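Asks: Attaching a single structure in structure tokens format; questions to follow.
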Amino acid sequence: MPGSDMKTVIGKISYTNAWPLFYYVDPESLRTPAHVVVEVPAILNEGMKKGDIHIGALSSFAYAEAADKLQLLPDLSVSSDGAVKSILLFSREPVETLKNGTIALTNTSATSVNLLKILMQKALGGAPEYITMEPELEEMMENADAALLIGDNAIRASWYNQGKYHVTDLGAWWKEWTGCSMTFAVWAVNRDAASNNPEAMAEIARMFMDSKRRSLKDLSPIVSEAISRIGGTESYWQRYFSNLCYDFDERQQKGLRLYFKYAYELGLLQHDVIPELWRDNIRMQVKE
């Protein structure tokens, strides 16, 4: 774990939906030596599980799988209370027809994949066949009746869909079925890192919170970068970021708790998981 002679590793999700919580994160300004690893959720998930990444973002489902090794940072998440606009199921026919069909899954995140499995089985009573593929929509649709895309891949596909496929937003479907919000990504700290270097972890947690505050106060720099790197319009990205929720209060925790409960019932998780926060430790450190 990180010590005086070892850098703290911060995990950063590469997708735009997490940008506000990372936009003003600068490891050079920290008192503790640190560097940032930028990856898709699947890579970050493994790093957090193994302890190679000490603090940062990961998929909600991956947190549940490694909850014995991790604690959640308070007030930080990527959530939606309804449509999320970047977790999308593309299908030739309406979703109700997919009960016994074949669905191609993205290979980049576990949370959305398992959310789809929960919705298909519990909400629809379906048992489709799943295949995992690279996130290329047309290739996926050549091999399946529907395709699940997430993040920037889903956003781009939605722009160019032009009515070709039915599009089901998993955040909207979850809200309609459960009445709850859905948390797709969480921020966590490795328990050993928190124990061995609590002041450094708290400093990084404060930096995430500061980035969130500054970003949501003025989204224009993030919107401009999204247009430059991905495309789209200013109005699209303003709506996109404003629609997402970056908090992790009781409402988000309730929705995530329900998601974990259903995942356990379906055998997707080996244990039911109650989210555990690092709140008390951070409060002890935040005296500035």
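Every read-out reported here was derived from the displayed coordinates using simple, explicitly stated rules and does not represent laboratory data. Since the structure is predicted, the reported quantities are computational estimates derived from the model, not experimental observations. Reconstructed Cβ throughout: ideal geometry from the backbone, glycine too, with neighbour counts over all protein chains shown.
Asks: Taking amide H positions as placed in the peptide plane 1.01 Å from N, state which residues far from THR32 in sequence (5 or more) or on other chains have amide H under 5 Å from it.
Replies: Close amide H contacts, sequence-distant or interchain: none at all.
Asks: Which value at 222 nm does the chain reach when only helices count, each DSSP H run of 4 or more adding -39,500 (n - 2.57), with the total divided by all residues and rounded to the nearest 500 deg cm²/dmol?
Replies: Numbers: 13 runs with 124 residues, N = 288.
Mean residue ellipticity, 222 nm, calculated: -12500 deg cm²/dmol.
Asks: Translational diffusion coefficient of the stretch 87-178 at 10 °C, 1.306 mPa s, Stokes-Einstein with Kirkwood Rh over Cα pairs, in µm²/s as a whole number. The partial results should precede the final answer.
Replies: Details: Rh = 12.8 Å.
Answer, rounded: 124 µm²/s.
Asks: Please list the non-local residues whose amide H lies under 5 Å from the amide H of LEU70, H modeled 1.01 Å from N, same-chain partners needing a gap of 5 or more.
Replies: ARG191
Asks: What is the calculated FRET efficiency for GLU176 to ARG31, with r their C-beta to C-beta distance and R₀ = 51 Å, to the nearest 0.05? If you can, show how the numbers build up before the last one.
Replies: Values: r = 46 Å, r/R0 = 0.91.
FRET efficiency, GLU176 to ARG31: 0.65.
Asks: Moving on. Looking at the square roots a ≥ b ≥ c of the eigenvalues of the Cα gyration tensor of the stretch 155-209, which shape do they give, rounded for a/c under 1.5, prolate if a/b is larger than b/c, or oblate?
Replies: Numbers: a/c = 4.36, a/b = 2.44, b/c = 1.79.
Note, shape of the stretch 155-209 comes out prolate.
Asks: Ratio of Rg to Rh for the chain, alpha carbon only, Kirkwood? Walk me through the numbers on the way to the answer.
Replies: On the way: Rg = 18.7 Å, Rh = 19.3 Å.
Expressed as Rg/Rh, it is 0.97.
Asks: A further question follows. Tell me the relative contact order for the chain as a rounded percent, counting alpha carbon contacts under 8 Å between residues six or more apart. Mind dumping the intermediate values first?
Replies: Details: 535 pairs, mean separation 82.1, N = 288.
Relative contact order of the chain: 28 percent.
Asks: Please give the length that would be gained between SER195 and ASN107 if that part of the chain were fully extended, namely 0.36 nm times their separation in residues minus their C-alpha to C-alpha distance (nm, one decimal).
Replies: 28.4 nm
Asks: Assuming R0 = 22 Å, what is the FRET efficiency of SER228 and TRP159, from their Cβ-Cβ distance, to the nearest 0.05?
Replies: On the way: r = 16 Å, r/R0 = 0.71.
My answer for the efficiency is 0.90.
Asks: Report the charge-dipole magnitude of the chain in Debye, nearest 20, computed about the Cα centre from +1 at each Lys and Arg Cβ and -1 at each Asp and Glu Cβ. Before the final figure, lay out the partial values.
Replies: On the way: 29 positive and 37 negative charges, 119 e Å.
In total the dipole reaches around 580 debye.
Asks: How high is the relative contact order of the stretch 87-178, given as a whole-number percent (alpha carbon pairs under 8 Å, six or more residues apart)? Could the numbers behind the result be given before it?
Replies: Values: 147 pairs, mean separation 43.2, N = 92.
Relative contact order here is 47 percent.
Asks: Right, next: Show me 247-253, 165-171 ranked by packing, highest mean number of other Cβ atoms within 10 Å first. Before the final figure, lay out the partial values.
Replies: On the way: 247-253: 16.9, 165-171: 20.1.
With the highest mean Cβ count within 10 Å placed first, the list reads 165-171, 247-253.
Asks: Please name whichever of GLY125, ALA147, TRP177 sits farthest to the positive end of the charge dipole of the stretch 113-177, dipole taken about the Cα centre and charges placed at Cβ: Lys and Arg +1, Asp and Glu -1.
Replies: So the residue furthest toward the plus end is TRP177.
Asks: Once you place label points 7 Å from the Cα toward the Cβ at LYS217 and LEU124, how far apart are they in nm?
Replies: Reported label-point gap for LYS217 and LEU124 is 4.5 nm.
Asks: Okay, moving on. Report the charge-dipole magnitude of the stretch 1-116 in Debye, nearest 20, computed about the Cα centre from +1 at each Lys and Arg Cβ and -1 at each Asp and Glu Cβ.
Replies: Numbers: 9 positive and 12 negative charges, 26 e Å.
With Lys and Arg at +1 and Asp and Glu at -1, about 120 debye.
Asks: From the backbone phi of the stretch 7-22, what are the Karplus-calculated ³J(HN,Hα) couplings (6.51 cos²θ - 1.76 cosθ + 1.60, θ = phi - 60°) in whole Hz, Gly and Pro given as x?
Replies: Using θ = phi - 60°, the values come out as 6, 6, 9, 9, x, 10, 5, 6, 5, 4, 4, 9, 3, x, 7, 10 Hz.
Asks: Over the stretch 157-261, what is the relative contact order in percent, taking alpha-carbon pairs closer than 8 angstrom and at least six residues apart?
Replies: Working: 40 pairs, mean separation 34.3, N = 105.
Answer for the stretch 157-261 is 33 percent.
Asks: Among LYS12, LYS7, rank each residue by its count of other Cβ atoms within 10 Å, from fewest to most, as a rough exposure measure.
Replies: Values: LYS12 18, LYS7 13.
Ascending number of Cβ neighbours within 10 Å: LYS7, LYS12.
Asks: Of GLY11, GLY101, GLY82, which is the most mobile in a GNM of the chain whose springs link Cα atoms less than 10 angstrom apart?
Replies: Among GLY11, GLY101, GLY82, the largest mean-square fluctuation in the Gaussian network model of the chain belongs to GLY101.
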